[in-house]
Amino acid sequence: MIWFCIRRNGVARRSGWLAEVSLQELPEHVGARSDERIEVCVVEGSRPIAPERFSDAFYPRVQGIVGMEIALGDSAVRYAPTRMLAANLSFRRALARFLKSNGASASEFASHGTLGELRARQLLIGGDGTEVAGLYRGGTLVLLESTTAEKRAAQIAEGICRWMLRNLSHDGALPYKYWPSRGEESPADNAIRRFLASLALARYAELRNAPDVREAAVRNLRYNLSRYFTDVGGGRGAIVERTGAKLGAAALAALAILESPASEAFETELRMLAAGVDSLAGGPDGFRTFFFPRQRDGQNWNFYSGEALLFWAEAIRRQAPCAPPVERFMEVFERCRQRHRRARNPAFVPWHTQACVALHEHTKQHELADFVFEINDWLLPMQQWDGLTDDLRGRFYDPGHREFGPPHAASTGVYLEGLADALALARALGDDARAAAYRQAVERGLRSLRQLQFRDERDAFYVSRKRRVLGALRTEVYDNAVRIDSAAHALAAAVKVLNPIR
């Protein structure tokens, strides 16, 4: 049994299930044209699944690897794994659609419905039959041994930069979130993640000394400031969104200005944002996390306190007029360190790592280095490798602590930002054992990010608007949504691998 879907420029033209047709005969049998491609799943096995065992067989990690059959009475539907992947359709949504179209309830299906799991070999065939490429979960596998960390970082960065330049609007906006399967932008928004892109693009422009990238970074920063920067009184500036004004947003906007190739054009905004960050410093946890509403303080602290300390550390290292005294940094740092030790959270690690490494470069204070090693040693076991399918290896996720959040490209990217700095620090201090462990984690993480990247036409065979995705990163191998922070963190991590702090 074979599933086929003829696609022209990513758009599905004809599809269906066939029996007793060889792969050699398939293009002619289905009437494919030479400028078309055929998505193919050759079913190699199936097994029945009791409805009450749904979650045991159909969960995110196997989406795009196994397909699903659903039947109730005289109605039945069969989903090939690549069909679900191309539509970004989860197993639960597929079942919900089936029940809705048949006017059936979940309890009725539990009593009278049947499920089947399909395992299939996946191929992409040229319309003229000359190109036959094997796929794994709708893509090609990235092997750890295929290149060096530096070359992989360069590939990731170049792809992301091209994607950003292609998708940058005339006024400087970048898409926040894009759904490749729909060909639509999401209405969601997040200012912190937008300023991350401004920062990462500026760092890459400096690394490559590229005038076009430099101009794009400035244009993007100017757009973001014009949209979000607000005078909140008392000489303070903030980044204001519909949901409030966050410490992290002010800190990252200030950091993006500090590192911008046109920082002098935004001196007023930088001064006011620095005053805003300073106004939230203090208290038992080191920082409040919101200008308003105050009641929003909570788990966001793990992110925002580190983003604020990173801005301070870089301002001190660059001897910027807005920099606080080192003593003030260390006082707030100590409060953050104490809170983290009371309730560890991986979100805390990469931001505070970067802050400590940046300040250590300036002061050489041993306690900063000691803390970097403490928190990154704790983080390392959360990187997954053994026991996973090849395309999932290298991501960060702790299934024993789901409160830490699901696996995500943006998480892997930001952890690599911190680990790249921790690696550079370990090398500088002659800690060879840690350097080897951190190097391995960085190599594995880069493999994961490269796997998530839309690298070429084959990875995007089901995408109609390829310029909107090529070079960008999917959220996960089984979730093709593209988000700006996934790209920004991966780009920033790649820059750190290519140009580490010494």
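The values are calculated or read from the model by the stated rules, or taken from the named source; none is laboratory data. Keep in mind the model is a prediction, meaning the values are calculated, not measured. So basically every Cβ, Gly included, is an ideal-geometry build from the backbone, and we count neighbours across all protein chains shown.
Just to check your reading of the model, which residue among 195, 291 is closer than 27 Å to residue 337 by Cβ and part of a helix (DSSP H, G or I)? If you could, list the steps in order and put the result at the bottom.
Numbers: 291 fails: part of a helix (DSSP H, G or I).
Just a single option satisfies the conditions, and that option is 195.
If we keep just the residues of the stretch 105-142 that are more than 28 Å from residue 26 (Cβ to Cβ) and either in contact with a Ser or Thr (Cβ under 6 Å, 6 or more places away or on another chain) or without any contact (Cβ under 8 Å) to a residue 24 or more places away in the chain (or both), which is surrounded by the fewest Cβ atoms within 10 Å (Cβ to Cβ)?
Step by step, filter the stretch 105-142, then rank; the result is 107.
Mind telling me which of the residues 215, 150 ends up being assigned by TED's automatic domain parsing to the domain that holds residue 482, over 18 Å from the mean Cα position of the chain (by Cα), surrounded by fewer than 21 Cβ atoms within 10 Å (Cβ to Cβ) and over 23 Å from residue 454 (Cα atoms)?
215
Given the residues 194, 152, which is the only one that is in contact (Cβ under 8 Å) with a residue 12 or more places away in the chain and out of contact with any Leu (no Cβ under 6 Å at 6 or more places or on another chain)? I'd like the intermediate steps shown before the answer.
On the way: 152 fails: out of contact with any Leu (no Cβ under 6 Å at 6 or more places or on another chain).
Checking each option against the conditions leaves just 194.
Given the criteria surrounded by fewer than 20 Cβ atoms within 10 Å (Cβ to Cβ), farther than 30 Å from residue 178 by Cβ and without any contact (Cβ under 8 Å) to a residue 40 or more places away in the chain, does residue 45 qualify?
No, not satisfied.
Looking at 323, 358, 315, 343, which is the one that is out of contact with any strand residue (DSSP E or B) (no Cβ under 9 Å at 6 or more places or on another chain), among the aliphatic types (A, V, I, L, M), farther than 20 Å from residue 238 by Cα and buried (at least 17 other Cβ atoms within 10 Å of the Cβ)? It would help to see each step written out before you state the result.
On the way: 323 fails: farther than 20 Å from residue 238 by Cα; 315 fails: farther than 20 Å from residue 238 by Cα; 343 fails: buried (at least 17 other Cβ atoms within 10 Å of the Cβ).
Criteria check complete, one pass: 358.
So how many residues does the stretch 231-254 have that are crowded, with 24+ Cβ neighbours inside 10 Å and part of a strand (DSSP E or B)? Let's see the steps before the verdict.
Restricting attention to the stretch 231-254, the residues satisfying the condition of being crowded, with 24+ Cβ neighbours inside 10 Å are 237-239, 246-254.
Going one step further and asking which of them are part of a strand (DSSP E or B), we end up with 237-239, 246.
Within the stretch 231-254, residues that are crowded, with 24+ Cβ neighbours inside 10 Å and part of a strand (DSSP E or B) number 4.
Mind checking whether some residue in the stretch 176-187 is in the same structural domain as residue 461 (by TED's automatic domain parsing) and assigned to a helix (DSSP H, G or I)?
no
Pick from the stretch 129-145 the residues that are assigned to a loop (DSSP other than H, G, I, E, B) and modelled with pLDDT of 90 or more: which of them is farthest from residue 457 (Cα to Cα)?
Out of the qualifying residues, it is 143.
Among the candidates 446, 473, 429, which residue alone is surrounded by 19 or more Cβ atoms within 10 Å (Cβ to Cβ), touching a residue at least 60 places away in the same chain (Cβ under 8 Å), closer than 22 Å to residue 372 by Cβ and not small (Gly, Ala, Ser)?
From the options 446, 473, 429, the qualifying one is 446.
Pick from the stretch 39-71 the residues that are assigned to a strand (DSSP E or B) and of a type in the set (D, E, K, R): which of them is nearest to residue 113 (Cα to Cα)? Write out each step before concluding.
In the first step, residues of the stretch 39-71 are kept if they are assigned to a strand (DSSP E or B); the result is 39-49, 63, 66-71.
Then keep just the ones that are of a type in the set (D, E, K, R); that gives 39, 44, 47, 69.
Values: 39: 29, 44: 23, 47: 15, 69: 11 Å.
Top of the filtered list is 69.
Residue 33: touching a residue at least 24 places away in the same chain (Cβ under 8 Å) and assigned to a loop (DSSP other than H, G, I, E, B), yes or no? Reasoning before the result, please.
On the way: touching a residue at least 24 places away in the same chain (Cβ under 8 Å): yes; assigned to a loop (DSSP other than H, G, I, E, B): yes.
Yes: the conditions hold for residue 33.
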